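A.B. asks: Here you go, one structure.
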Amino acid sequence: MKLSQSFFYTLREDPRDEDSISSSLLVRAGMIKKSSNGIYMIMPMGKKVLHKIENVIREEMDNKGAQELLMPALVPEDLYVQSGRRDVFGKNMFALSDRYDKRYCLGPTHEEMFAIAAMMDGKSYRDFPYNLYQIQTKYRDETRPRYGLIRVREFIMKDAYSFDVDNEASRISYKKMYDAYCNIMDRFKLDYRIVTADTGAMGGYLSEEFQAISNIGEDVIVGCDDCDFSSNLEITEVVDVYEDSKEEELEKELVYTPQARTIEEVSNFLGKEPKDFVKTLLYNVDGKTMAFCVPGDRELNETKAVKLLLCNEFELSDFEDVERITHANVGFAGPIGLDCPVYVDRQILHMKNFIVGANKSDYHYKNVNCKDLKPTLVADLSKVKEGDICPNCGKPLTFKHGIEVGNLFNLGCKYSDMLGLLFTNQNNQPQPVWMGCYGIGLGRCMAAVVEQHYDDKGIIWPVEIAPFTLCIVPVSTKDEKQMQIAGELYDWCKQKGYDVLLDDRNERPGVKFKDMELIGIPYRITVGRGIANGVVEFVERENGEKVDISLDAIKSKIDEIFK
């Protein structure tokens with residue numbers, strides 16, 4: 001591509017409305033432009049990167065025998081109702097009606113549609129296995145879009161679905177996708193971890209996430225330096241290895257704590273530590289109020305609570321509901337005497353003489369013990385903390401942040417049962433099909449690569465997904481010899497089928513060099529005054545190394561980098 005004949009621009013300053021390194025650099029490099037909150041245009045240079053990301057994914061999917069198709073983005077709403085996921089997605093799903101008042105949704109994901117497509121061929125056990133995939137735009141009405149392409153309302157996703165006759169065959173298909181994803185992430189040069197995760201709205205038996213390590217990652221990856229344990233914070237078990245307190249149990253006592261609502265305020269008032277408390281949190285769970293108790297120095301793990309109760313709606317109760325249930329001002333809720341179900345974290349069983357709210361304004365109970373509680377259920381409900389015990393080896397756990405760029409799900413027969421996806425086995429008996437689901441966010445991969453590969457000059461793209469592998473930059477467009485040599489090299493590269501960019505703009509050399517560094521072209525050939533001595537300058541973007549190469553040898557060097 002010749003820049004003088006192309007739509008190309010860059011920005012010198014960081015945009016004010018971007019909140020991550022990747023989004024700022026991609027906007028400055030003219031690769032993306034925000035059109036509204038959580039929605040971006042993909043500009044020509046960015047589309048080149050996205051196209052190469054697609055090619056890598058297609059190659060790896062095709063190598064594993066998957067077949068590409070394309071589903072509609074507009075999906076009948078009743079399909080999600082039939083599968084039980086319309087309420088699960090709730091307000092996150094864009095919905096609309098056509099002129100005949102038939103309800104549709106902009107597809108946030110396509111398990112239901114793929115199950116219907118599979119019905120066209122999956123009649124007999126002889127038809128299996130097979131894997132179908134698409135690369136298509138998805139839509140989710142995110143409450144808080146942020147970090148550029150990482151958390152958006154409209155995004156491009158590769159989603160694949162495997163179809164098998166039993167669990168063993170499904171595990172083989174799952175492993176193929178696992179291996180394909182490892183190859184994809186390696187080709188993107190990402191530093192990533194594979195973690196066990198919550199199955200969430202997808203459901204099924206197993207979920208694993210491919211997490212790109214990043215400080216802005218919204219997910220916390222819990223790992224162990226002494227073994228291969230790796231898990232998402234949302235589902236990591238808090239190992240119950242704590243010993244019972246050796247204190248003598250005292251009788252509970254009502255104490256006056258005026259205006260002390262938070263644990264910090266009550267701690268200061270009573271001269272205690274947060275670990276001496278049990279905090280009580282009230283939630284609206286599918287329209288009913290429920291209480292959850294965790295140690296004062298821990299947080300409730302909402303994902304664990306949702307999985308325990310198998311609920312759809314789970315949100316903190318509003319002030320009015322709290323005051324109605326506790327008969328007290330907000331800040332004095334406790335588990336004793338509450339007229340609602342009470343779920344207690346199992347670590348509390350080891351505690352003695354702890355402090356709780358008294359369900360009475362300006363009062364708490366101290367010296368409370370488990371005998372004073374009447375829990376509906378005791379379970380692992382709290383979030384793991386850094387330094388907790390590893391479930392595998394007993395060593396301390398460590399935390400890192402990650403961007404979820406891919407995920408794998410073993411769905412089992414969930415969607416087959418709901419939608420009637422059956423096949424006849426060798427005994428001519430109907431059986432549900434086993435499904436797997438495998439997703440990769442292309443925009444997230446693009447952003448994650450930038451988060452890991454940049455410097456103070458701009459983006460440093462890995463060669464395989466760079467918009468162009470090589471740029472040729474004549475220093476002066478007024479120098480006929482420079483323009484001649486640059487043009488001949490460009491034409492030769494194009495004839496060879498190489499992905500090359502010619503910066504033939506009438507700009508100062510410094511502007512050209514800065515632009516090529518900003519957009520992250522891996523290799524640059526500078527055609528300058530050295531041509532008088534028959535040499536050009538060859539520059540590597542990643543390490544900044546510069547060498548002079550003769551005109552006789554430069555074509556061999558170009559062949560080398562494209563191989």
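The values are calculated or read from the model by the stated rules, or taken from the named source; none is laboratory data. Quantities reported herein were computed from a predicted structural model and do not represent experimental measurements. When we count neighbours, we look across all protein chains shown, and the Cβ atoms used for this are built from the backbone with ideal geometry, even at glycine. Heads up: the accessible areas ignore ligands, DNA and RNA and are worked out on the full protein's heavy atoms, side chains in. Shrake-Rupley method; radii C 1.70, N 1.55, O 1.52, S 1.80 Å.
A.B. asks: At 1.4 Å probe size, put Glu243, Glu540 in order of accessible surface, largest to smallest.
C.D. replies: Correct descending sequence by accessible area is Glu243, Glu540.
A.B. asks: Which order do His110, His453 take by accessible area at a 1.4 Å probe, largest first?
C.D. replies: His453, His110
A.B. asks: Along the charge dipole of the range 321-451, pointing to its positive end and built from +1/-1 on Cβ of Lys, Arg, Asp and Glu, which listed residue (Phe399, Asn369, Val330) has its Cα farthest out?
C.D. replies: Asn369
A.B. asks: Please state the shape class of the range 404-563: rounded when a/c is under 1.5, otherwise prolate if a/b exceeds b/c and oblate if not, all from the C-alpha gyration tensor.
C.D. replies: prolate
A.B. asks: How would you classify the range 4-131 from its alpha-carbon gyration tensor, with a ≥ b ≥ c the square roots of the eigenvalues: rounded for a/c under 1.5, else prolate if a/b is greater than b/c, otherwise oblate?
C.D. replies: Since a/c reaches 1.5 but b/c is at least a/b, the shape of the range 4-131 is classed as oblate.
A.B. asks: Using only the Cα atoms, work out Rg/Rh for the range 325-378, with Rh taken as the Kirkwood radius, to two decimals.
C.D. replies: Checking Rg against Rh, the ratio lands at 0.95.
A.B. asks: Rounded to the nearest 10 Å², what accessible area does Arg524 show when all protein chains are kept and the probe is 1.4 Å?
C.D. replies: Ignoring ligands and nucleic acids, Arg524 comes out at about 20 Å².
A.B. asks: Given H placed on each backbone N at 1.01 Å, which residues far from Leu501 in sequence or on other chains put an amide H within less than 5 Å of it?
C.D. replies: Close amide H contacts, sequence-distant or interchain: Leu470, Cys471, Ile472.
A.B. asks: Right, here's the next one. Compute the Cα gyration tensor for the range 457-527, then decide on rounded, prolate or oblate, letting a ≥ b ≥ c be the square roots of its eigenvalues: rounded whenever a/c is under 1.5, prolate when a/b is larger than b/c in the other cases, and oblate in all that remain.
C.D. replies: Oblate shape, in that a/c is at least 1.5 and b/c is the bigger or equal ratio.
A.B. asks: Given a 1.4 Å probe, how much area per residue of the range 1-69 is accessible, in Å²?
C.D. replies: 51
A.B. asks: Sort 443-451, 282-290 by the packing proxy (mean of other Cβ within 10 Å over each peptide's residues), most packed first.
C.D. replies: Packing order, densest peptide first, comes out as 443-451, 282-290.
A.B. asks: In addition: Please report, in whole Å, how far the alpha carbons of the range 185-273 spread along each principal axis, starting with the longest.
C.D. replies: So the extents along the principal axes, rounded to whole Å, are 62, 30, 30.
A.B. asks: Where the eigenvalues come from the Cα gyration tensor of the chain, what are the semi-axes √(5λ) of the equivalent ellipsoid, largest first, in whole Å?
C.D. replies: Equivalent ellipsoid semi-axes, largest first: 53, 32, 22 Å.
A.B. asks: Next question. Cα centroids of the range 365-442 and the range 1-72: how far apart, whole angstrom?
C.D. replies: Spelled out, the Cα-based centre of one part sits 33 Å from the other.
A.B. asks: Now for a separate question. Unpartnered cysteines of the chain (Cβ-Cβ under 4.7 Å counts as a partner)?
C.D. replies: Cys with no partner Cβ under 4.7 Å: Cys105, Cys182, Cys293, Cys311, Cys340, Cys370, Cys413, Cys437, Cys445, Cys471, Cys493.
A.B. asks: Please give the charge dipole size of the chain, origin at the Cα centre, charges +1 on K and R Cβ atoms and -1 on D and E Cβ atoms. Round to the nearest 20 debye.
C.D. replies: Taking the Cα centre of the chain as origin, the dipole is about 1580 debye.
A.B. asks: Based on the alpha-carbon gyration tensor of the range 91-241, what equivalent-ellipsoid semi-axes (square roots of 5 times the eigenvalues) come out, in whole Å, largest first?
C.D. replies: Equivalent-ellipsoid dimensions as semi-axes: 29, 24, 16 Å.
A.B. asks: For the chain, which whole-number percentage of the solvent-accessible area (1.4 Å probe, protein heavy atoms only) is attributable to carbon and sulfur atoms?
C.D. replies: Its accessible area is 47 percent carbon and sulfur atoms.
A.B. asks: Would you mind working out the accessible area per residue for the range 404-535, using a 1.4 Å probe, and quoting it in Å²?
C.D. replies: With the other protein chains kept in place, the range 404-535 gives 39 Å² per residue.
A.B. asks: On to the next question. Where only protein heavy atoms count, and the probe is 1.4 Å, what is the accessible area per residue for the range 223-263 in Å²?
C.D. replies: With the other protein chains kept in place, the range 223-263 gives 67 Å² per residue.
A.B. asks: Could you give the size of the charge dipole of the range 439-490 about its Cα centre, using +1 on the Cβ of each K and R and -1 on the Cβ of each D and E, expressed in debye and rounded to the nearest 20?
C.D. replies: 100
A.B. asks: For the range 287-409, restrict the atom set to alpha-carbon positions and state the Rg and Dmax in Å.
C.D. replies: Answer for the range 287-409, Rg first and Dmax second: 16.6, 50 Å.
A.B. asks: Additional query: Between their Cα atoms, which of Lys279/Lys371; Lys64/Lys158; Lys189/Lys307 are more than 26 Å away from each other?
C.D. replies: Pairs exceeding 26 Å: Lys189/Lys307.
A.B. asks: Which of the lysines could a cross-linker bridge to Lys400, judged by Cα under 17 Å and excluding same-chain residues fewer than eight apart?
C.D. replies: Lys383, Lys385
A.B. asks: Further question: Run lengths n ≥ 4 of DSSP H only: what is the helix-derived mean residue ellipticity at 222 nm for the chain, with -39500 (n - 2.57) per run over all residues, to the nearest 500?
C.D. replies: It comes out at -8000 deg cm²/dmol, rounded to the nearest 500.
A.B. asks: Something else: Considering amide H positions built from the backbone, and no H for Pro or chain starts, which residues 5 or more places from Ser230, or on another chain, come under 5 Å of its amide H?
C.D. replies: Amide H neighbours of Ser230: Thr196.
A.B. asks: So, one more: Going highest first, how would you order 227-233, 477-483, 410-416 by mean Cβ packing within 10 Å?
C.D. replies: Those peptides, ordered most packed to least, come out 410-416, 227-233, 477-483.
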